[in-house]
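See structure below.
The values are calculated or read from the model by the stated rules, or taken from the named source; none is laboratory data. Predicted model, so just to flag it, every value in this text is computed and none were measured. When we count neighbours, we look across all protein chains shown, and the Cβ atoms used for this are built from the backbone with ideal geometry, even at glycine. Heavy atoms of the whole protein, side chains included, go into the accessibility calculation; ligands, DNA and RNA do not. Shrake-Rupley method; radii C 1.70, N 1.55, O 1.52, S 1.80 Å.
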There are 2 protein chains.
Amino acid sequence: MAVIYAVVVGPGDPELLTRKAERIIQKCSVICAPTGAAEAASYALSIVEHLLDRSRQEVITRVFPMLKQGPELEAAWEESAAEVIARIDSGEDVAFITIGDPCLYSTFLYIYRIIRKKRADITIEIIPGISSINASAAAAGIPLGIASDRIAIIPAAFEDYELRKTLKEFDTVVLMKVSRVFDRIYALLLELGLVDKGVFVRRVGSPQQEVIFDLSTLLGKELDYLSMLIVRR
Amino acid sequence: MAVIYAVVVGPGDPELLTRKAERIIQKCSVICAPTGAAEAASYALSIVEHLLDRSRQEVITRVFPMLKQGPELEAAWEESAAEVIARIDSGEDVAFITIGDPCLYSTFLYIYRIIRKKRADITIEIIPGISSINASAAAAGIPLGIASDRIAIIPAAFEDYELRKTLKEFDTVVLMKVSRVFDRIYALLLELGLVDKGVFVRRVGSPQQEVIFDLSTLLGKELDYLSMLIVRR
């Protein structure tokens, strides 16, 4: 029986693909790039373009509306899952490619859940890759954790109260999806005396990569969706 | 000038090396495998053995005493750092290979800090790789985080009080270095009604990989050093 793979293509640099990811992408006849933003789908595809042979591989790009939940999004996932199941039933291996880790805030997780529920007989294999968190820490040259450090990974959209607590209690805090709420986060860091402990990493692993230690330069700016803030005491 | 690279070789499977890691390992004339356990050094080397040419590459294995801190360990690091600096000064590129992420609880971080302090002129480049956390979640087929989930990564050796708090407040808790304190952690999970929410992953990515959902089978056993416990509500 055919298999569904979730393949992490890494944060941007095609050289950060693993051998296994390359092999799986080349063997699958269907490549899916599901995403919450059209830009991210084409970005994921650009990383693996050199591996694709569109004369024998079908590429399905599907953009999911950027809603937290609701019937419209649910319907889109159901439809996408059905599309994939049909391919599997006709004997085609399917690779979902994701720029982030499929286990970490990924669109794939929703489809995974639906397929698991509908068709427990289908094998879904996750091919791990380099997460943007590890790549960002590496690019910034900072540790995520040493010895007995505690690390928290949280979406930056949380309430100030929650963020403040986490920033106080953990040695390292990775703030995901920070672009839309950066100014608010900056004010919080200022209040906690942590402004000089943060590093903003944008488009890690891509030619547009930027590592910014002076957070004040980012205030009031339109920031990249593919970015994160790491705060390390 | 020669460069120091910290290269993540992934959790075990050589196919999970990135192209970049392969290229850097092959180009360096000195390969260092520093570790807290002799077993881990030979494990890291076994993952890259097929890439090495010992006729032109020098392999340095160094075991650091398993002490939290203290003058003996500090001296060992100082010596190791001096050894590396000497190689760099004679124009040789040096690759430190680590099975874990160099930014995550890695022995390399200590040497990195010493070299940074002594010789700011030396370029140290971190080549990110697949962390055992991402690989373990992939192997277990569980998400680390979805939507607005909060994730904590903490060493399992913490006090019960701290662990209890973290297990209550976070959606996913990754407990590192769990092997020596497993029975205590199990009792804590039992108390919090989380026993069936945990998954134990041992030697992820290696032929010895095991994913264990029934945690009770691990009680009273000698557990593998290279293992972790992921608790997901």
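Data for the structure
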{"item": "Copy-to-copy label separations for A:Asp160, where each label sits 7 Å from Cα toward Cβ, in nm and ascending", "result": "3.8"}
{"item": "Spin-label pair B:Glu222/B:Asp160, simplified geometry with 7 Å Cα→Cβ offset, distance in nm", "result": "2.7 nm"}
{"item": "Shielding by other protein chains, B:19-25, mean Cβ within 10 Å", "result": "4"}
{"item": "Solvent-free Debye scattering, log10 I(q)/I(0), computed from the Cα coordinates of chain B at q = 0.08, 0.10, 0.13 Å⁻¹", "result": "-0.33, -0.51, -0.82"}
{"item": "Nm distances between copies for B:Arg23, ranked from closest, using label points 7 Å along Cα→Cβ", "result": "2.1"}
{"item": "Largest to smallest principal axis extent of the C-alpha atoms in the range B:91-183, angstrom", "result": "51, 29, 26"}
{"item": "Degrees between helix B:38-48 axis and first principal axis of chain B (Cα, 0 to 90, nearest 10)", "result": "70 degrees"}
{"item": "Per DSSP, loop GluC sites (Glu not before Pro) in the range A:178-233 with at most 11 further Cβ within 10 Å", "result": "A:Glu222"}
{"item": "With eigenvalues of the C-alpha gyration tensor scaled by 5 and rooted, the range A:81-132, Å", "result": "21, 12, 9"}
{"item": "Inter-copy spacing of B:Phe213 label points, which lie 7 Å from Cα along Cα→Cβ, given in nm from shortest upward", "result": "4.7"}
{"item": "Estimated D of the range B:153-203 in µm² per second, where Rh is the Kirkwood radius over Cα pairs and Stokes-Einstein applies at 10 °C, 1.306 mPa s", "result": "144 µm²/s"}
{"item": "Electrostatic dipole magnitude of the range B:59-212 [Cβ: Lys, Arg +1; Asp, Glu -1; Cα centre; debye, to 20]", "result": "200 debye"}
{"item": "Cα Rg, Dmax (largest Cα-Cα span) when computed across the protein assembly as shown, Å", "result": "21.8, 65"}
{"item": "Contact order normalised by residue count of chain B, Cα under 8 Å, 6+ apart, percent", "result": "23 percent"}
{"item": "Candidates B:Glu72, B:Glu92, B:Glu159, ranked by Gaussian network fluctuation over chain B, Cα under 10 Å, top entry", "result": "B:Glu159"}
{"item": "Residue with peak Gaussian network fluctuation, chain B [Cα springs, cutoff 10 Å], from B:Lys117, B:Lys177, B:Lys197", "result": "B:Lys117"}
{"item": "Sites A:Arg119 and A:Arg54, calculated FRET efficiency, Cβ-Cβ separation with R0 25 Å, nearest 0.05", "result": "0.35"}
{"item": "Chains A and B together, accessible area buried on both sides, 1.4 angstrom probe, square angstrom", "result": "4100 Å²"}
{"item": "Gain on full stretching of the segment that runs from A:Arg233 to A:Val3 - 0.36 nm per residue minus C-alpha separation", "result": "78.4 nm"}
{"item": "Number of Lys pairs (Cα under 29 Å; 8 or more positions apart or on different chains) in chain A", "result": "21"}
